[in-house]
1. Rounded to the nearest 0.05, what FRET efficiency is calculated for Thr177 and Ser286 with R0 set to 35 Å and r the Cβ-Cβ distance?
2. In nm, give the distance between the simple-model label positions of Glu310 and Val10, each being 7 Å from the Cα along the Cα-to-Cβ direction.
3. For Lys307, which lysines qualify as cross-link partners when the Cα separation must be under 21 Å and same-chain residues fewer than eight apart are set aside?
4. If the chain between Ser358 and Leu64 were fully stretched, how many nm would it gain, using 0.36 nm times the residue separation less the Cα-Cα distance?
5. In bins 5 Å wide, starting from 0, what share of all Cα pairs of the range 119-158 does each bin hold, as a percent?
6. When Phe228, Phe402 are ordered from fewest to most other Cβ atoms inside 10 Å of their Cβ, what list results?
7. Can you figure out the FRET efficiency of Ala152 with Thr294, using R₀ = 25 Å and their beta-carbon distance, to the nearest 0.05?
8. If you take the square roots of the eigenvalues of the alpha-carbon gyration tensor of the chain and sort them as a ≥ b ≥ c, do you get rounded (a/c under 1.5), prolate (a/b over b/c) or oblate?
Amino acid sequence: MKDCEYFPKVVRAEGPYLFLEDGTQLLDGVSSWWCVIHGYNHPALNEALRKQSENFSHVMLGGLTHGPAEQLADKLVELTPAGLDHVFFTDSGSVGMEVALKMAVQYWMQSGKPEKHRFLALKGAYHGDTTGVMAVSDPDEGMHHLFSGILAQNLFCPAPSHGFDPDLDQLAQDLSTLERLLSTHHHELAAFVVEPLLQGAGGFNMYSPAYLNQAKLLCERYDVLLIFDEVATGFGRTGRLFATDHTDIVPDIMVLSKALTAGYLGLAATLSTTAIYEAFYGPDASTALMHGPTFTGNALACSVALKSIELIEEEGVLARVEHLSRVFSQAVESADHPLIESARSLGACLALTLTDPSQFPAIQKRAIASGLWIRPFERYLYLMPPYCLSNDQAEEMVAKFFQSLG
Ligand SMILES: *Cc1c(COP(=O)(O)O)cnc(C)c1O
């Protein structure tokens with residue numbers, strides 16, 4: 001706040017554009033923290049909200065049920081990999097992840113292994129901002145190291161570091177510490193928690209489906225649950241509907257949020273297998289999952305999520321992600337600037353690590369002056385735009401992005 005000279009004030013947004021009070025038009029390279037996948041002010045999404053609001057906007061989901069929540073739960077079960085058959089709604093990615101962790105711990109309590117209550121996570125992870133998930137996010141870097149002394153003490157494994165397509169030696173290297181930690185600590189571990197393929201706010205590390213396939217085998221061998229945090233990767237960002245779709249496996253628990261409502265409202269879904277569900281399914285409330293967020297299953301949020309999924313299915317959205325993916329990987333191949341330490345892309349995400357983050361204010365200023373909205377942080381400059389960019393807009397965005405380096 002102290003150093004910020006200029007806060008652009010948005011008065012309107014349409015498609016991939018933000019319109020500011022002073023008339024400036026910005027192409028949005030961030031899709032409002034990666035969730036506005038269809039662009040702003042989308043007529044079909046607006047209409048879904050309006051229609052639902054005329055029936056009711058919200059009723060408690062404790063003891064009641066309603067069409068939008070039931071339909072969305074069914075739809076998510078249908079779209080996600082076979083085996084994820086149960087859905088718990090919350091209102092943000094962090095809380096959806098809290099539920100995942102709580103579910104894993106309680107699952108083991110009710111399976112006669114209460115000592116399995118710690119988590120194994122990756123260095124460079126980001127799983128949200130509430131205290132439970134801060135404790136599975138990178139303990140040293142990132143935003144939460146201040147709190148490390150008061151958080152639950154979990155275990156961390158080096159993140160896989162050989163990209164999307166490692167050779168067998170590299171894969172073995174990436175897996176060696178994971179295997180060692182699982183073999184030493186499995187008796188106290190509830191779950192291994194990862195952002196599949198793309199570690200987002202912890203530094204945009206991109207890694208392989210092969211790693212996840214092997215990690216699942218190890219988790220099975222050592223009787224540790226596998227939790228996929230698809231809050232950022234869900235709904236097309238990696239080029240498939242879910243990052244899990246690049247793999248041969250199904251996690252025990254999977255969390256969706258960000259793009260779930262296409263950026264209209266806060267909503268998250270924690271999905272689990274039937275085996276986990278059944279550990280909570282008892283004769284009375286004593287074994288239930290005691291978690292009841294006020295806005296769980298909000299009807300407006302569920303309605304707009306259903307409409308967003310319909311758009312993904314009907315409008316060739318994944319084909320547009322594939323186009324973006326090609327534009328981004330070409331840009332990464334030709335990326336060349338003294339400030340760039342490394343460049344990478346996966347699906348509709350392009351990320352640079354810069355050598356000198358003190359340049360960020362100047363970079364952001366140049367981007368805005370050229371009509372591009374980006375928001376660099378720490379050492380990272382990235383694009384995660386709405387998928388609705390036309391081919392020309394995608395080229396324009398990439399050109400302005402690299403020009404902003406000066
Ligand atoms: C954003 C994010 C979260 C937290 O979601 P919020 O809605 O901001 O609470 C959790 N995990 C990942 C991978 C994220 O990108």
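Since every read-out is calculated from the coordinates, none of them should be taken as a lab result. Just so you know, these numbers come straight off a predicted model, no measurement behind them. Backbone-built Cβ (ideal geometry, glycine too); neighbour counts: all protein chains shown.
1. Once rounded, the FRET efficiency stands at 0.35.
2. So the two model labels end up 2.4 nm from each other.
3. Lys51, Lys75, Lys258
4. 100.6 nm
5. Result, from short to long distances: 6, 32, 41, 20, 2 percent.
6. Phe402, Phe228
7. Taking R0 as 25 Å, the efficiency between Ala152 and Thr294 is 0.50.
8. oblate
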